[in-house]
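*Asks:* One structure, as structure tokens, below. Some questions next.
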Amino acid sequence: MTPQIPDKLYFKIGEVAELTGIKPHVLRYWESEFAPFRPAKSRNQQRLYRRKDIELVLRLKDLLYNQGFTISGARKKLQEGPDPSPAAFCPTPERRLLEEVRRDLQRLRLSLESN
């Protein structure tokens with residue numbers, strides 16, 4: 001399900017992370033990999049995301065996590081054309097299950113690596 005994006009002008013990185021389910025360090029990494037993804041910065045260098053940035057994060061999340069694109073493939077896909085409709089971000093039950101299994105496997109791997 002597409003998250004409801006609050007009606008405000010700017011969002012901090014923590015808010016974007018909470019809305020999209022993407023961790024702040026991943027958001028910062030995506031900034032370096034995807035040219036269209038450049039949030040504004042305040043005077044004290046805090047990132048300020050707009051609604052269009054959040055929509056792009058959701059599209060990238062879909063391309064990378066649900067559709068299995070690589071960073072390079074997602075970059076090419078973004079260059080192909082405009083964003084799809086918000087309905088494209090609604091994962092099927094199978095995709096949600098797959099995403100949950102991936103998260104569980106990542107947590108297990110991190111747990112094993114820390115021991």
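The values are calculated or read from the model by the stated rules, or taken from the named source; none is laboratory data. Predicted model only: the values in this text are computed from it and were never measured. Neighbour counts are summed over all protein chains in view; Cβ atoms, including those assigned to glycine, are modelled from backbone coordinates with ideal geometry.
*Asks:* So, in the range 9-42, exactly how many residues are in a strand (DSSP E or B) and under 16 Å from residue 59 (Cα atoms)?
*Replies:* Of the residues in the range 9-42, 0 are in a strand (DSSP E or B) and under 16 Å from residue 59 (Cα atoms).
*Asks:* Within the range 18-42, which residues are aliphatic (A, V, I, L, M) and buried (at least 18 other Cβ atoms within 10 Å of the Cβ)?
*Replies:* So the first thing to find is which residues in the range 18-42 are aliphatic (A, V, I, L, M), and the list is 19, 22, 26-27, 35, 40.
Of everything in the range 18-42, those that are aliphatic (A, V, I, L, M) and buried (at least 18 other Cβ atoms within 10 Å of the Cβ) turn out to be 22, 27.
*Asks:* Scan 45, 4 and give me the residue that is surrounded by fewer than 12 Cβ atoms within 10 Å (Cβ to Cβ), in a loop (DSSP other than H, G, I, E, B), touching a helix residue (DSSP H, G or I) at 6+ places or on another chain (Cβ under 9 Å) and among the polar types (S, T, N, Q).
*Replies:* 4
*Asks:* Separate question: Within the set of pairs 6+ apart or on separate chains, which have a first residue in the range 34-59 that is at pLDDT 90 or above, a second that is small (Gly, Ala, Ser) and assigned to a helix (DSSP H, G or I), and C-beta atoms under 9 Å apart?
*Replies:* Qualifying pairs under 9 Å: 34/74; 59/74; 59/88.
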